Amino acid sequence: MAIRQAAYDYLLPSFLGDQLMLGTWLVASDGNLLLERRFQLLRVADAAVILRGTWKLVCIELSSGSVRRMPPEFRDGYLSALVGADVPA
């Protein structure tokens with residue numbers, strides 16, 4: 001999988017020494033080529049959201065860089081991990 005499009009919303013600063021926690025969700029797929037991953041970064045001390053982001057990914061053949069269908073191992077793993085798009089975004 002390669003990142004085709006990335007978007008980041010930087011909401012608050014973080015500082016040296018802040019303990020941060022990253023959460024990530026797979027929220028959409030066409031089942032063949034495309035996958036969407038969302039994530040957010042929290043400051044542990046006060047649960048403040050520091051950053052939210054979205055990646056739109058595409059499956060590629062590493063040897064050629066060409067778009068290709070997900071192999072069964074990818075489909076099985078990724079599609080079974082999908083959660084509803086109503087997760088934090």
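The values are calculated or read from the model by the stated rules, or taken from the named source; none is laboratory data. Computed from a prediction, not measured in an experiment: that's the story for all the values here. Every residue, glycine among them, receives a Cβ derived from its backbone with ideal geometry; neighbour counts consider all protein chains shown. For accessibility, only protein heavy atoms count, side chains too; no ligands or nucleic acids. Shrake-Rupley method; radii C 1.70, N 1.55, O 1.52, S 1.80 Å.
Counted over the chain, the DSSP beta bridges are approximately 95% antiparallel. Give a quick list of chymotrypsin sites (Phe, Trp or Tyr not before Pro) in the range 1-72 that DSSP marks as loop, anything other than H, G, I, E or B, with at most 16 other Cβ atoms within 10 Å. Here the sparse-neighbourhood loop sites are Phe15.
Computed on the chain, with alpha-carbon pairs under 8 angstrom and 6+ residues apart, the relative contact order is 34 percent.
Charge dipole of the chain (Cα centre as origin; +1 on each Lys and Arg Cβ, -1 on each Asp and Glu Cβ, all else neutral): 200 debye, rounded to the nearest 20.
Counting every C-alpha pair in the chain, the share spaced more than 18 angstrom apart comes to 51%. For the set Met70, Met1, Met21, the ranking by accessible area, highest first and with no ligand, DNA or RNA atoms included, is Met21, Met1, Met70 under a 1.4 Å probe.
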